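The values are calculated or read from the model by the stated rules, or taken from the named source; none is laboratory data. Predicted, not measured: the structure shown is a model, and the values here were computed from it. Don't worry about glycine lacking a Cβ; one is built from the backbone with ideal geometry, like all the others, and counts go over all protein chains shown. Side chains are part of the model used for accessible areas, which takes the heavy atoms of the whole protein and leaves out ligands, DNA and RNA. Shrake-Rupley method; radii C 1.70, N 1.55, O 1.52, S 1.80 Å.
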Amino acid sequence: MKLLALDTTAEGCSAALWHDGTLYEQSTLAPRGHTRYLLPMVKELVAESGIPLSDLDAVAFGRGPGSFTGLRIATGVVQGLAYGLDIPVVPVSSLAAVAMQAVRLGYADAEAQGIAVAFDARMGEVYWGCFVSQEGTVVALGDECVTAPGSVVLPASAADHWIGAGSGWHLGAQMPESVSSVIKSSFPELYPLASDVAILGAAAWQRGEQVSAADAAPVYVRNEITWKKLPGR
């Protein structure tokens with residue numbers, strides 16, 4: 001299976017190409033340079049891997065939540081590629097990608113360990129979601145939310161131990177004592193990467209979790225924000 005993954009959810013800009021378990025990846029920190037770096041990264045991956053875009057089975061992307069501008073950029077590029085190549089799109093939760101990164105790096109290495117992912121959503125709020133590590137991947141525990149840090153709630157009895165991951169943990173002091181008291185450690189430096197989007201996207205593709213280019217859309221979590229497709233798409 002050959003899958004291209006993109007992520008411009010946060011300050012990072014990254015692309016990865018998955019080929020039957022082998023990962024090629026490119027990434028950089030570029031809070032305002034997503035449009036400048038993303039397509040050149042894709043070209044570099046094609047050159048490095050020797051896999052032409054025409055051989056791809058699908059394209060995956062970090063669908064949010066995250067930066068509104070970044071999500072629009074990734075969605076637009078993914079739609080263009082999927083239309084041009086006539087392949088499906090695999091949307092991947094950006095929160096799940098950070099949870100997957102925590103597992104991949106060994107920060108969450110126990111089956112009974114929960115991963116509470118939080119991103120700084122600005123305006124005094126955080127995007128957050130809870131996951132557990134199972135058989136080398138991550139499984140969501142409930143819906144993704146956007147709330148004030150003081151309203152974050154961990155699922156009762158979902159895991160014996162918890163870690164925190166993502167930029168929202170810079171605001172960990174504002175979270176309830178019921179949350180902070182069970183967090184073993186936190187890693188606020190983690191942000192979504194295309195490599196983890198690729199890992200989760202390949203597994204989702206195998207399960208048939210894909211959409212057409214026309215139905216690829218970002219997930220903002222904030223209900224008042226909507227995605228407007230490009231004209232003609």
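Residues of segment 156-175 being closer than 21 Å to A121 by Cα, in contact with a Leu (Cβ under 9 Å, 6 or more places away or on another chain) and not in a helix (DSSP H, G or I), which ones? Listed by number, the residues that qualify are A165, G166.
Which members of segment 81-108 meet the condition of being part of a helix (DSSP H, G or I) and either open to solvent by 30 Å² or more (accessible area, probe 1.4 Å) or not small (G, A, S) (or both)? Give the derivation first.
Let us first name the residues in segment 81-108 that are part of a helix (DSSP H, G or I), namely 81-85, 94-104.
Passing the criteria: L81, Y83, G84, L85, L95, V98, M100, Q101, V103, R104.
Within segment 146-155, if we keep just the residues that are part of a loop (DSSP other than H, G, I, E, B) and open to solvent by 20 Å² or more (accessible area, probe 1.4 Å), the residue that is nearest to V126 (Cα to Cα) turns out to be A148.
In segment 29-46, the residues that are touching a residue at least 12 places away in the same chain (Cβ under 8 Å) reach residues that are part of a loop (DSSP other than H, G, I, E, B) with C-beta atoms within less than 6 angstrom, at least six apart or across chains, in these pairs: L29/E11; P31/E11; H34/T8; Y37/A30. Does at least one position in segment 149-167 carry a residue that is under 26 Å from V77 (Cα atoms) and either of a type in the set (G, A, S) or in contact (Cβ under 8 Å) with a residue 12 or more places away in the chain (or both)? Yes, because at least one residue in segment 149-167 is under 26 Å from V77 (Cα atoms) and either of a type in the set (G, A, S) or in contact (Cβ under 8 Å) with a residue 12 or more places away in the chain (or both). Selection within segment 120-145: residues that are in a loop (DSSP other than H, G, I, E, B) and farther than 17 Å from D196 by Cβ. The member of this set that is most open to solvent (accessible area, probe 1.4 Å) is R122.
With respect to the conditions (1) buried (at least 24 other Cβ atoms within 10 Å of the Cβ); (2) out of contact with any strand residue (DSSP E or B) (no Cβ under 6 Å at 6 or more places or on another chain), D7 lacks only one, and its number is (2).
Annotation: of all residues in segment 159-179 being open to solvent by 40 Å² or more (accessible area, probe 1.4 Å) and farther than 24 Å from A10 by Cα, the one that is nearest to the chain's Cα centre (by Cα) is H161. Of all residues in segment 40-80, those satisfying the criterion of being out of contact with any Phe, Trp or Tyr (no Cβ under 6 Å at 6 or more places or on another chain), assigned to a helix (DSSP H, G or I), among the polar types (S, T, N, Q) and open to solvent by 10 Å² or more (accessible area, probe 1.4 Å) are S54, T69. Can you tell me which residue is farthest from T69 (Cα to Cα) among those in segment 19-39 that are open to solvent by 60 Å² or more (accessible area, probe 1.4 Å), assigned to a helix (DSSP H, G or I) and not hydroxyl-bearing (S, T, Y)? Result: L39.
Do we find a residue being small (G, A, S) and more than 17 Å from V92 (Cα to Cα) anywhere in segment 136-150? So far as segment 136-150 goes, yes, one or more of its residues are small (G, A, S) and more than 17 Å from V92 (Cα to Cα). If you go through segment 53-72 and keep only what is under 15 Å from A15 (Cβ atoms) and modelled with pLDDT of 95 or more, you end up with L53, L56, A58, V59, A60, F61, G62.
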